[in-house]
Structure formats: structure tokens, C-alpha cells
Amino acid sequence: MTQVKLVCDASKLDAALSTLSDAAELFPEVCERLIYILDAGQELVSLKCYGTTTTLATEVCVVLYPSDTLLRLVTAARAGDADFCVFEHATPPDDDSQGNTTGEAMQ
């Protein structure tokens, strides 16, 4: 008889949710944004399954990861961005219409 061992690793998701919880204490808008994300039906968690098999047992490990949407919210909350925008488009500092901000000449 073969045994199946199921292991769940939620440490990465737990860390993201912990950070989000801390940010929600400082910025109440975090909760509103999270509710908006849930209402919109966007994924907050992604999972991957890994399996190993021996002659006596099979081990399946399910790893829960924060989704890209959740990571963007965590990043914005950490930065204290009240609008929760991770990237903001702006005019390059040297007003270069080509968008070259390195100061190097085009070849």
C-alpha cells in the first residue's frame, strides 16, 4: 500500500498578507483596494504543485504564492502610495522626448 503525504507551504503568501495587514493599519485605503480587487474577481493567490515518489510513499507539495496583483498592492502599500499605483508615467527629467534618461547619445 502506497502512502500519499500532502504538504502545503503558504509561507510566501503569509509574508505578503502580513505586510498588507501592517500597511492597512497605517492606510485604511488598503482594505478598500483589497475589496475592490476581490469584487473584480482578480486572483490573489497562485499555486504550484510539486510531487516526488518513492517506492513507499508519494509526497505532494502545494505551494501558495501571492499573485502579481497582490504583490503590486503590497509594493504600493509599502511605498505609502495612497493611490496604490506602482508605476507612474512622467516626463523624463531632461525633457527628452525620446525618453532617454541615461544621458547617453543615441547611436
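Computed from the coordinates by the stated procedures, all read-outs in this text should not be read as laboratory data. Quantities reported herein were computed from a predicted structural model and do not represent experimental measurements. Cβ: placed from backbone, ideal geometry, glycine included. Neighbour counts: every protein chain shown.
Things worth noting here:
- Per-pair calculated FRET efficiency, R0 = 25 Å: Glu25 and Ala79 via Cβ, rounded to 0.05: 0.95
- Length gained on full extension, Tyr50 to Leu38: 1.6 nm, using 0.36 nm per residue less the C-alpha separation.
- Placed amide H near Ser67: partners under 5 Å, 5+ positions off or other chain: Val45, Ser46
- Taking a point 7 Å from the Cα of Thr69 along the Cα-to-Cβ direction, the residues of the stretch 28-42 with backbone N closer than 19 Å to it are 29-42.
- Sites Ala57 and Lys12, calculated FRET efficiency, Cβ-Cβ separation with R0 22 Å, nearest 0.05: 0.30
- Of the residues Val30, Val7, the one with the fewest other Cβ atoms within 10 Å heads the list, and the complete ranking is Val7, Val30.
- Rg and Dmax [Cα atoms of the stretch 3-79; Å; Rg one decimal, Dmax integer]: 16.1, 53
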